[in-house]
Amino acid sequence: MGGSGSKSRGFWPFSGSGSTDDPTKDGVEPTLARGRSYPTATPFVFTRRSSLYFDEDGDLAHEFYEETIVTKNGRKKAKLKRIHKNLTPQGIIKLDHPCIHVDFPVVLCEA
């Protein structure tokens, strides 16, 4: 079950080659100093994709709304309509403090 996982392909730098050989079966723990697939891999994440968008005016926000006036039974009512078009994602941003990658397979602190 779950055969589409990245571990079987060895995609993540912290996963092994995807083979069934488990180094912990022999009683030998893998070292933290080097990654098994990529020797220069680090467990830290320094950048992430931003969830903010720029609109046509250059304003930056998570979501944008415009106020529309709806006339119903002779009464004017203001409604907010969400804008989906002409928004540009902010892109990749640098983190202030590095985070640990979610797929890092080592227990850092045991309670």
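The values are calculated or read from the model by the stated rules, or taken from the named source; none is laboratory data. Everything numeric here is computed off the predicted structure, so don't read it as measured data. The protein model used for the area step is the full one, side chains on, heavy atoms only, and it has no ligands, DNA or RNA in it. Shrake-Rupley method; radii C 1.70, N 1.55, O 1.52, S 1.80 Å.
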Output the residues belonging to the stretch 54-111 that are farther than 30 Å from Thr42 by Cα and basic (Lys, Arg).
-> Lys72, Arg75, Lys76, Lys77, Lys79, Lys81, Arg82, Lys85
At pLDDT 55 or above and of a type outside the set (Val, Ile, Thr), is that true of Ala41?
-> yes
Would you say Ser4 is closer than 30 Å to Pro105 by Cα, open to solvent by less than 80 Å² (accessible area, probe 1.4 Å) and at pLDDT below 95?
-> no
